[in-house]
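These notes are about the structure you will find just below.
The values are calculated or read from the model by the stated rules, or taken from the named source; none is laboratory data. For clarity, every value in this text was computed on a predicted model and none was experimentally measured. Every residue, glycine as well, gets a Cβ built from its backbone with ideal geometry; the counts of neighbours run over all protein chains shown.
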Amino acid sequence: MNKILRTGAALLTVSALVFAAGCNPLSAFQTEAEQKQDRWDRLAAEKNESMDLKELSLESYAKQVNTVLTSPEYQRFAVNSRFHVEGTVEKYGEFESDTVWIEVEKTKGGEGTGEKEFSYYTRLNNGKFSRQVQLFNGKGEYRVTVRLPSRDQEDRFYDAARFEVINVNPEIRRDVAMSRAGQDAGLKLSRPETGYLEAKGEFRLKGSLGKPGAERLMVRLEKDGQEWKHLLRLNGDGEFDRRIPLFYGKGIHKLTVMTPDPKRSDYYNEAAALLVNNRSKDEKSPIEFFKHYDSRGVKLEYPLAGGGKGNMKYRIKGSIDPEAPYAAETKHLIVQTKKDGMEATYFIPVKNYKFDDTFWLRFGKGEYEVTVNVPEITEEQRDYFRFFGVARFTVTNNADKDLRNLLPSRGIQARNDEIRKLARDLTQGKKTEREKALAIYEYVAKNIRYDVQKFRNDNFEYDDSALKTLQEKSGVCQDYSFLAIALLRSIGMEARFVEGVADGNRHAWVEVKVNGKWLTMDPTWGSGYINQNNQFVRRYTTKYFDPDPAEFAQTHRRTGVMY
């Protein structure tokens, strides 16, 4: 008997395959993958040869609507991983739907991915339907039910045929499980191309949504009772492209793509599902996103998850949607780091709507809470800045050193080449730390002119910094302090920005470590004074370099340190 079965796209002759198992003159020219395919094809053929293949019988509903199932042909048979379901329905015009539901259940065999069911929804086209079915969970036995739509209710289906399939191939192969909602929304995934893949820590999700007008879709990641949800923005063409982190360590994560419900706002339907086997044992924490992340068009590309590790510094990368509100005006992001009650702030430049920079972990070894912010865009002049959180995550610094008073910080570009060169020139020939500190104090006090208008009008800017002060040669107390601290830190001298009050006004000055002890200096007051006509008068003095503490306290009150 020469039994013929349709499996996959090939028409296999059992007796010919059995004979080929003994001698295959083409095997030497086959790739390893082709040899494996042939091996499982032969095993399926041998299994079918040993079975009593009975002709497939249809259910009564299939007969009522004149259904012919051309594939498969038997009630129980073996395959190498996949097979075709094909047929025609004469009375398809009576149906309330144009969808055929093919449900696949694993009934016997190894645990594999743990999944027990998988469904396909395929369209009826002029009464014809065809679907290649991938047995989703490796070697074992499966029950397949083909269901046809009801003739009186849109969402009801009736059994047309049931049959058993034996998969001889132990490899896990799985299609993307696409629901009816996903099909109706026009969801297409170009990456990944399969419904089961292996990855290390993350994978790429790319595709498009065919329905016009949608702005977002949702993804849900699950493993062992843990769950993460996140909204993905679509571009103007309905496309999305995002790396998805695998938070929950080694093992299988399930990702569900959810599309907007056309009838309900802020509601999403399960559209597609796939499995990702994470080879990395690292567990990470999800990033917390705030409303301004979406409304200001921020897209964080790195990190994708919290719990990362750095060595004194950490990278941040991403972009801003050019179409988002204030996108063109957003020239930087503000990163705040917190550890053990201490806080530091850094500015991340945005150029051509992209950012890619690092921030420092200056408070030594341990875990930091990091908040990424966007600035408030306003023309109002004031002595403070407002910004809005867009994302928050944690980072662990592995470096033991505490370099809070040596590394760059907001407004203090201590590693800038221009700053470094100037500091070296100013301190050339100076042998002691005190001499070096005095040389920098003298330069800042003598060369920076106090900006009375900036002080009176609260005309502060986000880009106020040591470099800006050096270029403009003017500023107020914070700018004098920025420049002095940057110069000191650039030559390896610990220095910090002191916040306080002087003569009833908010004020800033500098503390620098000299021979192991903190020395106070106020280059602003050392530069001159404001006369009765509100004009700055230059008058350099060393009175405010290492002043007498009791005398200094009569005019200055220290409130804290800004890191």
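The table below gives the values:
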| item | result |
| --- | --- |
| Residues satisfying the stated conditions in segment 283-293, i.e. surrounded by fewer than 17 Cβ atoms within 10 Å (Cβ to Cβ) and either charged (D, E, K, R) or closer than 23 Å to Arg191 by Cβ (or both) | Glu283, Glu288, Lys291 |
| Residue among Phe203, Phe129, Phe163 that is part of a strand (DSSP E or B) and under 22 Å from Glu270 (Cα atoms) | Phe203 |
| Hits in segment 126-175 - residues which are surrounded by fewer than 16 Cβ atoms within 10 Å (Cβ to Cβ) and of a type in the set (Ser, Thr, Tyr) | Ser130 |
| Some residue of segment 88-95 being part of a strand (DSSP E or B) and in contact (Cβ under 8 Å) with a residue 60 or more places away in the chain | no |
| Residue selected from segment 247-282 under the condition closer than 24 Å to Gly308 by Cβ and buried (at least 19 other Cβ atoms within 10 Å of the Cβ), by the criterion nearest to the chain's Cα centre (by Cα) | Phe247 |
| Per-region count, segment 149-160, residues in a strand (DSSP E or B) and more than 41 Å from the chain's Cα centre (by Cα) | 3 |
| Flag for Thr524 being hydroxyl-bearing (Ser, Thr, Tyr), assigned by TED's automatic domain parsing to the domain that holds Arg456 and surrounded by fewer than 18 Cβ atoms within 10 Å (Cβ to Cβ) | no |
| Of residues in segment 64-94 being of a type in the set (Phe, Trp, Tyr), over 43 Å from the mean Cα position of the chain (by Cα) and crowded, with 20+ Cβ neighbours inside 10 Å, the one nearest to Asp184 (Cα to Cα) | Tyr92 |
| Options Thr520, Thr469; residue that is in contact with a helix residue (DSSP H, G or I) (Cβ under 7 Å, 6 or more places away or on another chain), of a type in the set (S, T, N, Q) and more than 23 Å from Ile348 (Cβ to Cβ) | Thr520 |
| Hits in segment 332-361 (condition: among the hydrophobic types (A, V, I, L, M, F, W, C) and assigned to a loop (DSSP other than H, G, I, E, B)) | Val350, Leu361 |
| Candidate set from segment 478-493 (those that are of a type outside the set (Gly, Ala, Ser) and either surrounded by 24 or more Cβ atoms within 10 Å (Cβ to Cβ) or not assigned by TED's automatic domain parsing to the domain that holds Tyr443 (or both)); member that is farthest from Asp451 (Cα to Cα) | Arg489 |
| Count - residues of segment 202-220 that are more than 17 Å from Ala181 (Cβ to Cβ) and at pLDDT below 95 | 1 |
| Filter result (on the phi > 0 side of the Ramachandran plot and either assigned by TED's automatic domain parsing to the domain that holds Gly341 or not polar (S, T, N, Q) (or both)) within segment 533-559 | Asp546 |
| Looking only at segment 47-63, and only at residues there that are of a type in the set (S, T, N, Q) and exposed (fewer than 13 other Cβ atoms within 10 Å of the Cβ), the one that is nearest to Thr145 (Cα to Cα) | Ser57 |
| Residues of segment 460-494 satisfying the condition of being farther than 17 Å from Phe545 by Cα and assigned to a loop (DSSP other than H, G, I, E, B) | Phe460, Glu461, Tyr462, Asp463, Asp464, Ser465, Lys473, Val476, Ile491, Gly492 |
| Extreme residue, surrounded by the fewest Cβ atoms within 10 Å (Cβ to Cβ), among residues of segment 362-395 that are in a loop (DSSP other than H, G, I, E, B) and either at positive phi or not charged (D, E, K, R) (or both) | Tyr384 |
